[in-house]
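The values are calculated or read from the model by the stated rules, or taken from the named source; none is laboratory data. In this text the structure is predicted, and so the values were computed from the model without any measurement. Heads up, the Cβs are rebuilt from the backbone with ideal geometry, glycines too, and the neighbour counts pull from every protein chain shown.
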Amino acid sequence: MRFGAEVRKGSTRFKLWAPKCKTLQLKLKGRRSLIEMDAIDDGWFRVDVEGVGAGALYKYVLPDGSAIPDPTSRHQPDDIAGFSEVIDPQAFGWTDRGWRGRPWEEAIIYELHIGTFTEEGTFAAAITKLDHLVALGVTAIQIMPVGEFYGKFNWGYDGAMWFAPSSNYGRPDDLKALIDAAHRRSMMVFLDVVYNHFGPHGNYLPAIAPIFTKKHQSPWGEALNFDGRGANVVRELVVENALYWMSEFNLDGLRFDSVHTMVDDSSSHILELLSARIRASRPHRHTHLIIENSDNQEVWLRRNSDSEPVHYTAQWNDDVHHLLHAAATGENTGYYADFDDSDGRSGRLGRALAEGFAYQGEVKPHEAMKRGEPSGGLPATSFVVYMQDHDQIGNRIKGDRITRVAHDDAVKALIAIYLLCPQIPMLFQGEEWASARPFPFFSDVPAEVRDAVRNGRQDDLRSTPEHEDQDRPEVEEAVDPTSIRTFTSAKLDWSNLRKQPHSNWLKHYRSLIDLRKMEIVPRLVGQQGFAGRYEPLGVKSVLVSWRMGDGSILRLYANLTDETQHDVQPIIGRKVYLHGFAEEGRLGPWSVLWTVEV
């Protein structure tokens with residue numbers, strides 16, 4: 001890489017892009033004298049130091065005498081402000097040399113947060129739970145961001161060092177061991193990465209380089225500089241970070257956070273460059289690139305003539321989540337207001353299941369703005385569908401899961417829809433046994449800004465649907481995101497796995513995932529765009545059909561209300577799964593029927 005410390009034969013090359021600095025020195029821990037670095041070109045500094053190898057600790061000394069860790073460090077053994085450690089990326093002994101990944105159609109994703117997935121909260125501890133995921137039927141884990149962040153706990157989206165796996169979770173080789181162990185179990189591993197901002201604490205780049213631009217604003221302040229002076233190196237920093245994770249950690253894919261906030265007015269958008277460089281570097285591997293995009297842009301999900309992704313493999317489908325959640329909980333305020341299908345005429349649920357986006361260029365009434373692009377021409381596998389994710393749980397006042405706010409029949413109806421849908425399903429950690437633990441937002445911050453973070457969190461929660469419901473608790477009752485107790489409250493309750501009712505929930509998930517592998521996955525290969533059709537049956541009731549890749553027709557009959565739906569169209573095809581009851585002309589309350597016609 002152009003960035004970071006590079007172990008060479010008998011020496012280490014130290015490199016740093018610092019165009020705001022006239023001089024730069026290297027400080028090696030244990031040595032009294034500083035080492036002058038050579039200014040080479042375009043703001044780069046470099047020095048080769050003989051006799052220094054992996055394990056050496058170092059910092060950079062700026063012209064004002066202050067010492068900073070390497071912003072592109074591969075490891076921070078003593079937290080974000082400490083010395084950086086030289087890492088030899090080739091030292092780990094991989095056992096998965098023959099691994100080429102799995103086709104996207106086989107993906108059944110499990111999102112997890114390393115710090116709360118186990119009591120220990122480490123990469124090594126996560127390995128001990130992989131067999132549970134294999135037995136569940138999961139074929140891919142998606143790890144929330146692990147880049148080094150300030151303090152002892154964080155969701156991960158405040159990472160300030162993109163190349164260093166957080167030392168709270170272990171060493172880089174511990175993460176590699178987790179990925180290697182997953183591959184031995186034929187399980188893919190995706191990593192969530194954040195290229196729209198840096199965390200507010202521990203980011204040393206602004207002091208030495210034009211990493212931000214005043215030209216664009218983001219939700220976090222000045223946007224990353226993708227199209228201004230010095231942008232070429234910033235763009236390369238992002239690309240090399242993505243290639244670093246994919247190559248040095250042997251990942252199967254990446255999930256890109258909030259790409260709609262990555263503003264780039266250059267002739268080649270950073271998202272186009274990212275996908276092209278990643279795919280070109282791995283022609284022999286299955287590579288899956290997932291985006292989160294609130295603008296719902298179809299352009300990033302297009303397929304070529306061979307039905308392969310041109311840029312990105314799939315997008316998280318918040319539209320389906322919002323529609324399912326609103327139906328099951330009755331929450332229809334805040335951002336759920338535009339996803340209330342209670343009039344029985346909008347057909348939003350059917351459209352989102354059949355075509356991907358519920359809004360495809362139309363105005364969202366409560367936002368008074370257009371949303372989305374036409375997506376019916378995309379295959380269903382262009383979308384990742386879920387009943388819960390870290391955002392939709394964590395952005396509630398107490399971080400409570402759907403099993404706390406909806407009755408079991410409603411939840412099981414939602415599970416039957418999203419796990420058997422042709423879109424790619426994703427579970428959130430602990431969902432499979434209806435974990436009693438919440439997943440609130442948590443973020444360790446310096447003492448002097450804790451009050452500001454607490455107040456800011458309460459302001460954010462005032463725009464949520466839960467707060468706007470007068471029967472719900474006020475945001476002042478929200479948990480303190482800066483408290484260690486909030487973080488530990490989110491650690492999964494693995495001890496409940498074999499207790500009732502949790503063991504029954506687990507059996508339910510396993511049976512549905514097994515059914516998906518038998519009936520849905522084999523039919524996904526070769527599915528084309530314009531394959532979905534939908535028809536509203538009444539209030540929160542819908543008939544959706546898809547022409548599958550093998551030519552069969554998959555149909556969903558769903559009634560997400562407390563009332564029996566009458567005058568339902570004739571049931572066609574072989575019954576694959578039924579939750580509730582269905583008979584000719586009638587569909588029972590919270591009933592979901594799947595059929596296949598060959």
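Would you check if there is a residue in the range 171-183 being out of contact with any helix residue (DSSP H, G or I) (no Cβ under 8 Å at 6 or more places or on another chain), assigned to a loop (DSSP other than H, G, I, E, B) and among the β-branched types (Val, Ile, Thr)?
No, there is no match, as no residue in the range 171-183 is out of contact with any helix residue (DSSP H, G or I) (no Cβ under 8 Å at 6 or more places or on another chain), assigned to a loop (DSSP other than H, G, I, E, B) and among the β-branched types (Val, Ile, Thr).
For the range 373-410, which residues satisfy the criterion of being over 22 Å from Leu506 (Cα atoms), modelled with pLDDT of 95 or more and touching a Ser or Thr at 6+ places or on another chain (Cβ under 9 Å)?
Ser375, Pro379, Thr381, Ser382, Phe383
Over 16 Å from His311 (Cβ atoms) and either under 25 Å from the mean Cα position of the chain (by Cα) or in a loop (DSSP other than H, G, I, E, B) (or both), is that true of Asn232?
For Asn232, the condition - over 16 Å from His311 (Cβ atoms) and either under 25 Å from the mean Cα position of the chain (by Cα) or in a loop (DSSP other than H, G, I, E, B) (or both) - is not met.
Among the residues in the range 12-32, are any closer than 22 Å to Tyr244 by Cα, surrounded by fewer than 22 Cβ atoms within 10 Å (Cβ to Cβ) and of a type outside the set (Val, Ile, Thr)?
Yes: the range 12-32 contains one or more residues that are closer than 22 Å to Tyr244 by Cα, surrounded by fewer than 22 Cβ atoms within 10 Å (Cβ to Cβ) and of a type outside the set (Val, Ile, Thr).
Can you pull out every residue in the range 1-55 that is assigned to a strand (DSSP E or B), within 33 Å of the chain's Cα centre (by Cα) and in contact (Cβ under 8 Å) with a residue 60 or more places away in the chain?
Hits for the range 1-55 are Val7, Leu16, Trp17.
Does the range 560-596 hold any residues that are farther than 15 Å from Leu515 by Cα, in contact with a Gly (Cβ under 7 Å, 6 or more places away or on another chain) and of a type outside the set (A, V, I, L, M, F, W, C), and which are they?
The answer is Thr564, Gln565, His566, Asp567, Gly580, Gly588, Pro589, Ser591.
Just a yes or no: is a residue in the range 128-135 part of a loop (DSSP other than H, G, I, E, B) and touching a helix residue (DSSP H, G or I) at 6+ places or on another chain (Cβ under 6 Å)?
no
If you check Glu519, Glu535, which single one turns out to be assigned to a strand (DSSP E or B) and either out of contact with any strand residue (DSSP E or B) (no Cβ under 9 Å at 6 or more places or on another chain) or under 29 Å from Leu560 (Cα atoms) (or both)?
Matching residue, one of Glu519, Glu535: Glu535.
Can you confirm whether Ala354 is among the aliphatic types (A, V, I, L, M), assigned to a loop (DSSP other than H, G, I, E, B) and in contact with a Phe, Trp or Tyr (Cβ under 8 Å, 6 or more places away or on another chain)?
no
Quick check, is Ser275 surrounded by fewer than 19 Cβ atoms within 10 Å (Cβ to Cβ) and of a type in the set (Ser, Thr, Tyr)?
no
Kindly indicate the residue of the range 280-312 that is free of Cβ contacts under 8 Å to residues at least 60 places away in the same chain and in a helix (DSSP H, G or I) and also surrounded by the most Cβ atoms within 10 Å (Cβ to Cβ) among those meeting that condition.
So, considering only residues that are free of Cβ contacts under 8 Å to residues at least 60 places away in the same chain and in a helix (DSSP H, G or I), the one surrounded by the most Cβ atoms within 10 Å (Cβ to Cβ) is Trp300.
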